[in-house]
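These notes concern the structure reproduced below.
The values are calculated or read from the model by the stated rules, or taken from the named source; none is laboratory data. These numbers were taken from a predicted model, which means no experiment stands behind them. Methodologically, a virtual Cβ is constructed for each residue, glycine included, from the backbone with ideal geometry; neighbour enumeration extends over all protein chains shown. Calculation scope for accessible area: heavy atoms of the full protein, side chains included, ligands and nucleic acids excluded. Shrake-Rupley method; radii C 1.70, N 1.55, O 1.52, S 1.80 Å.
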Amino acid sequence: MFSICKKDLKLFFGDKRAVMLTFLLPIAMVTLFTFAFSGNGNSEEDVNVGLIHAVSGNSILMLLFSMSAIGAGILEEKEKGTLKKLLISPLPAFHILYGKMLTGFVVSILQLTILFLFAWLVFGLQILPHITSLLIMIITVGFACTSFGILLASVVKSRAQVQGLSTILILLMSALGGSMIPLFVMPEIMQKMAVVTINYWGIQGFYDIFWKQLPIADILMRAGVLLGIGFVISGVSIYFFNKNVLKLI
Amino acid sequence: MLSIKSLHKSFGTLQALKGINLQIKEGELYGLLGPNGAGKTTFINILSTLIKPDNGEVLLDGLNPVTQREECKKIIGVVPQEIALYDDLSALDNLMFWGGLYNIKPIFLKEKINSTLELLGLYNRKNEKIKTFSGGMKRRINIATALLHLPKILFLDEPTVGIDPQSRNLIYEVIKKLNKEGMTIIYTTHYLKEAENLCERISILDRGAIIIEGTLDELRKSTSAEDTITIRLSEPPEQDIINSLRACYNFPISITNSIIIFTVPNASKELASIISKMSETGLDIIQIEINKSNLESIFLKLTGMELRD
């Protein structure tokens with residue numbers, strides 16, 4: 001599992017395009033949306049809410065795209081024949097999946113950490129007083145998004161299908177979950193529907209930390225839901241990995 | 001070393017393997033020959049623990065690949081048809097990764113990688129990315145990844161497809177060397193010359209069944225495959241000479257102008273007698289050509305068709 005992760009991270013950081021898309025594009029998006037959401041604010045609180053929304057909403061949206069690309073790595077292994085060779089090696093089959101998940105998890109932690117550090121250093125988002133809560137949310141959001149990426153790769157048959165399906169699903173989830181437009185300006189029915197998305201639980205968790213400034217105990221509830229989502233999706237991914245990915249050898 | 005009894009495998013209605021029986025001795029270089037779709041890759045996939053047979057028994061050095069999968073994986077090395085490498089990693093990183101999966105201590109692994117790269121003539125390119133390599137060099141690294149854990153049995157599934165003659169010859173040399181050192185090698189190919197030149201014993205697999213098995217000489221004998229001796233004369237022979245030649249030999253002789261073709265069971269044995277007889281009759285020989293029966297002719301004789309690419 002660790003050797004798969006080590007190899008994948010080496011490949012990931014050797015790919016300049018992937019690094020740019022994972023780290024620089026989200027920074028650009030956060031910057032753009034921060035100006036868009038907080039530019040017309042009349043009070044300091046409005047400006048701050050705009051910043052919090054831009055960072056949390058965009059970070060989860062971009063993370064979902066990054067994780068679907070990493071998940072698609074499983075299908076790349078299959079297309080190139082390396083998956084077959086991995087299955088012949090003494091490595092247990094599920095370690096291949098866990099290795100990919102670990103890679104996604106490491107990259108997601110890095111991506112979210114860099115984004116929040118950027119928001120702190122450039123826009124003055126107060127992360128230091130809430131560092132523990134923030135770390136809990138980063139870890140659980142990262143886990144849930146990684147599971148989503150792995151699920152996508154496990155249910156489809158080719159990388160092209162991952163690209164098509166991920167774009168549709170991520171944009172839908174992000175629109176519904178409040179990544180694009182803040183949920184509090186949406187109708188009540190939309191707010192209720194949003195609970196089925198990873199975006200919703202992540203964004204609400206970041207609101208709780210930076211806007212509502214709730215204690216860790218309250219953050220743990222949101223984090224628990226994200227962990228639950230992550231475990232359920234991972235379980236489903238393992239089932240489909242066995243059914244679709246391994247069976248096609 | 002390898003014992004295969006009544007091996008069956010079907011995919012839906014397609015019978016990929018129809019009761020294969022095979023015994024391969026330790027240290028043997030065994031050729032599995034057949035056209036595309038004959039069942040070679042299915043056979044290798046079963047032996048390399050990737051898929052389970054429907055019926056039959058397989059033992060690899062006494063281990064069953066279905067019930068003792070993990071133990072089997074440690075003693076086999078598999079070179080698949082595909083070049084299964086990471087293009088954006090260097091040759092060294094690829095080998096460190098693939099070798100690392102076998103829990104070899106890093107210090108031993110590095111030594112083994114260096115010696116394997118030396119053997120395959122790629123030591124000086126070890127830090128270059130695979131994507132900069134030629135097809136032949138990639139094939140050589142593909143082979144190297146299967147050798148690092150010193151497998152007892154090596155499966156090579158068409159390892160020379162689409163490569164330059166230089167790389168192909170080097171791969172042949174490496175295979176011969178590994179076999180000489182005691183490694184049991186099962187080599188699948190649809191290149192007949194390869195099987196003829198490399199393998200001690202050969203099986204011909206067609207449509208999921210072994211249609212013949214043995215050494216090349218045994219295959220020749222059992223199929224009564226024949227050699228041809230073609231003799232070109234300075235001028236066409238006269239009819240009475242032709243009659244005397246036909247009377248001397250009980251094998252087919254065809255004569256077209258100044259070319260005489262003798263179809264014989266064994267060219268080496270008959271050649272001297274034919275030349276001597278022709279000299280006695282005063283015929284002026286200007287060219288002699290011998291065509292030994294080969295796997296191509298054996299395959300043609302057995303299946304009634306040429307080996308399909």
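Some notes on this structure:
- Radius ratio Rg over Rh of region B:1-52, counting only Cα atoms, Kirkwood formula for Rh: 0.96
- Taking every alpha-carbon pair under 8 Å whose residues sit at least 6 apart, chain A reaches a relative contact order of 25 percent.
- When the convex hull of its Cα atoms is viewed from all sides, chain B shows a mean projected area of 19.6 nm².
- Using alpha-carbon coordinates, inclination of helix B:267-280 to the longest axis of chain B, degrees: 20 degrees
- Listed residue (B:G182, A:L169, B:V58) projecting farthest to the positive dipole end of the protein assembly as shown, Cβ model: A:L169
- Over every Cα atom in region A:71-142, the radius of gyration and the widest Cα-Cα span, Dmax, amount to 17.4, 52 Å.
- Legend: residue pairs A:K16/A:K85; A:K7/B:K52; A:K84/B:K176; A:K243/B:K25; B:K105/B:K193; B:K18/B:K131, Cα-Cα distance threshold 31 Å; pairs beyond threshold, A:K243/B:K25; B:K105/B:K193; B:K18/B:K131.
- Nearest-0.05 FRET efficiency for B:S254 and B:S279, computed from C-beta distance (R0 35 Å): 0.95
- For region B:78-127, the equivalent ellipsoid derived from the alpha-carbon gyration tensor has semi-axes of 16, 14, 11 Å in decreasing order.
- Rg(Cα)/(2.2 N^0.38 Å) for chain A, N = residue count: 1.02
- Dipole in debye (nearest 20) - the protein assembly as shown, about Cα centre, beta carbon charges: Lys, Arg +1; Asp, Glu -1: 1000 debye
- Under the simplified labelling scheme, the B:K52-A:I114 pair shows an inter-label distance of 4.5 nm, with each label point 7 Å from Cα along Cα→Cβ.
- Here the Karplus curve 6.51 cos²θ - 1.76 cosθ + 1.60, taken at θ = phi - 60°, turns the phi angles of region B:78-95 into couplings of 10, 10, x, 4, 6, 7, 8, 9, 9, 4, 8, 9, 6, 4, 4, 5, 4, 5 Hz, with x standing for Gly and Pro.
- Helix axis angle, B:239-248 relative to chain B longest principal axis, alpha carbon, degrees: 60 degrees
- Estimated vicinal HN-Hα couplings, Hz - region B:5-22 in sequence order (Karplus 6.51, -1.76, 1.60; Gly, Pro = x): 10, 6, 7, 10, 8, 10, 10, x, 8, 7, 8, 6, 10, 10, x, 7, 10, 7
- Rounded to two decimals, the Cα-based Rg/Rh of the protein assembly as shown, with Kirkwood Rh, is 1.18.
- Every Cα-Cα pair of region A:62-209 was included, and the share exceeding 22 Å stands at 47 percent.
- A versus B: buried accessible surface, summed, Å² (probe 1.4 Å, to nearest 100): 2100 Å²
- Listing of region B:86-117 residues, each with accessible area lower by at least 40 Å² in the full protein assembly than in the chain alone (probe 1.4 Å): B:Y86, B:L89, B:F97, B:W98, B:L101, B:Y102
- Calculated [222 nm] ellipticity per residue, helices only, for chain B: -11000 deg cm²/dmol; basis is -39500 (n - 2.57) per DSSP H run with n ≥ 4, divided by all residues, nearest 500.
- Ranking by accessible area, most exposed first, for A:I60, A:I181, B:I259 with a 1.4 Å probe: A:I181, B:I259, A:I60
- Longest exposed-site-free window of chain A, the sites being trypsin sites (Lys or Arg not before Pro) in a DSSP loop that have at most 14 other C-beta atoms within 10 Å: A:1-156
- Accessible area of the protein assembly as shown belonging to carbon and sulfur atoms, whole % at 1.4 Å probe: 58 percent
- If both residues of a DSSP beta bridge must be in the protein assembly as shown, then about 65% of such bridges are antiparallel.
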